Amino acid sequence: MIRILIADDHIVVRRGLRQILIEGFSNVEIEEVGDAELLIKNVIKFDWDVIISDLSMPGRSGLDALQQIKQIKPSIPVLILSIHPEEQYALRVLKAGASGYLSKDMAAEELVGAVQKVMLGKKYITASVAEKLATLLDQDSNKPLHEYLSDREFSVLKQLASGKSVSEIAEALFLSVTTVSTYRARIMVKMNLKNNAELTLYAMEHHLLS
C-alpha cells in the first residue's frame with residue numbers, strides 16, 4: 001500500500017489530485033490537509049511514502065514546511081506543486097530538499113510519473129529545469145540578484161513588490177514588524193535597491209509577480 005499525504009488549501013485541487021492518483025495507482029491510501037501546520041503534524045504522527053504539497057498556503061508557506069519536514073523525516077520524498085512558474089521556485093525547492101517540482105497545470109499529465117520517480121529515490125525535474133541547472137553551473141556568476149536571496153528574503157521581496165506593507169507581510173508570515181523590516185533592509189542591500197519602487201520594477205522585469 002502506497003501512503004500519500006496531499007497538502008493544499010483548495011479542496012477542489014486536493015480532490016483533483018486524489019482522483020489522478022487513484023486512477024494511476026491500484027493500491028494507494030491518500031490523506032488530505034489544508035495548511036502547513038496540519039501537514040507538519042501529520043508528518044510527525046504518521047509515516048508516508050510521498051508528500052505532495054502546495055507552495056502557497058495560508059500561514060506558513062510550503063517552502064517553510066518542506067524545510068521542517070526534511071529536518072523531522074529527511075527520507076520522505078516531497079513533491080512540490082505550484083501555480084508559480086518553474087523559473088521562480090523550482091531551483092529553490094530542490095535546494096531546500098524537495099524531490100521534485102511540478103506546475104499544477106501539468107499535474108494531470110505528469111503527477112503519476114513524478115510520484116513513481118521520487119518513490120525510487122530520484123529527482124523529478126522537467127527538461128527546462130534541467131537545462132537551467134546546467135546553465136547555472138556554467139554561468140553562476142551571471143545569476144540574477146534575487147537568486148542570492150534566502151528563501152525568506154525572496155518571499156518578502158515578492159510580497160513587497162505586490163504592494164503589501166511591512167505590517168501586512170508580518171501578519172501573513174507570523175513575524176514581527178521589526179523582523180520583516182530587517183528582511184527588507186537586507187534585500188535592499190543585497191540587490192542594491194534604494195526603495196520599494198525600484199524593487200517593484202525589478203520584480204516586474206524579472207517576471208516575479210505572476
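Give me the distance in nm between label points sitting 7 Å out from Cα along the Cα-to-Cβ direction at LYS95 and LYS73, one decimal.
Reported label-point gap for LYS95 and LYS73 is 2.7 nm.
Any chance you could check the Cα centroid distance between region 11-44 and region 157-209 for me, in angstrom?
Here the two parts' Cα centres lie 33 Å apart.
Within a 10 angstrom radius of the beta carbon, how do ILE125, ILE72 rank from fewest other beta carbons to most?
Starting with the residue having the fewest Cβ neighbours, the order is ILE72, ILE125.
Under the rule of -39500 (n - 2.57) per DSSP H run of 4 or more residues, summed and divided by the residues of the chain, what mean residue ellipticity at 222 nm is obtained, to the nearest 500 deg cm²/dmol? If you can, show how the numbers build up before the last one.
Numbers: 10 runs with 114 residues, N = 210.
One gets -16500 deg cm²/dmol as the mean residue ellipticity at 222 nm.
Could you tell me the calculated FRET efficiency between ASN195 and GLU147, based on Cβ-Cβ distance and R0 = 30 angstrom, to the nearest 0.05? Walk me through the numbers before you get to the answer.
On the way: r = 21 Å, r/R0 = 0.72.
The formula returns an efficiency of 0.90 here.
Might you report the magnitude of the Cβ-based charge dipole of region 2-136 about its Cα centre, with Lys and Arg at +1 and Asp and Glu at -1, to the nearest 20 debye? Present the calculation step by step, with values, prior to reporting the outcome.
Numbers: 16 positive and 18 negative charges, 91 e Å.
Value, rounded to 20: 440 debye.
Name the lysines eligible as straight-distance cross-link partners of LYS194: C-alpha to C-alpha under 19 Å, and not fewer than 8 places from it in the same chain.
Output for LYS194: LYS158, LYS164.
Given the peptides 172-179, 158-165, 78-85, arrange them by the average over their residues of other C-beta atoms within 10 Å, most packed first.
Highest to lowest by the protection proxy: 78-85, 158-165, 172-179.
First select every other residue whose beta carbon is under 15 angstrom from the beta carbon of GLY121; then total the charges, Lys and Arg +1, Asp and Glu -1.
Counting the neighbours of GLY121, the net charge comes to +4.
Hey, in the GNM for the chain with a 10 angstrom Cα cutoff, which one of LYS194, LYS122, LYS73 fluctuates hardest?
LYS194
What's the exposure ranking of HIS10, HIS146, going from fewest to most Cβ atoms within 10 Å?
In order of increasing Cβ crowding within 10 Å: HIS10, HIS146.
Taking R0 as 41 Å, what FRET efficiency do you get between GLN19 and SER165 from their Cβ-Cβ distance, rounded to the nearest 0.05?
For GLN19 and SER165, the calculated efficiency is 0.55.
Over the chain, what is the relative contact order in percent, taking alpha-carbon pairs closer than 8 angstrom and at least six residues apart? Don't skip to the answer; put the middle values down first.
Details: 283 pairs, mean separation 32.0, N = 210.
The value is 15 percent.
Any read-out appearing in this document is the output of simple, stated calculations on the displayed coordinates, not a laboratory observation. Note that the structure is predicted; figures quoted are calculated from it, not measured. Heads up, the Cβs are rebuilt from the backbone with ideal geometry, glycines too, and the neighbour counts pull from every protein chain shown.
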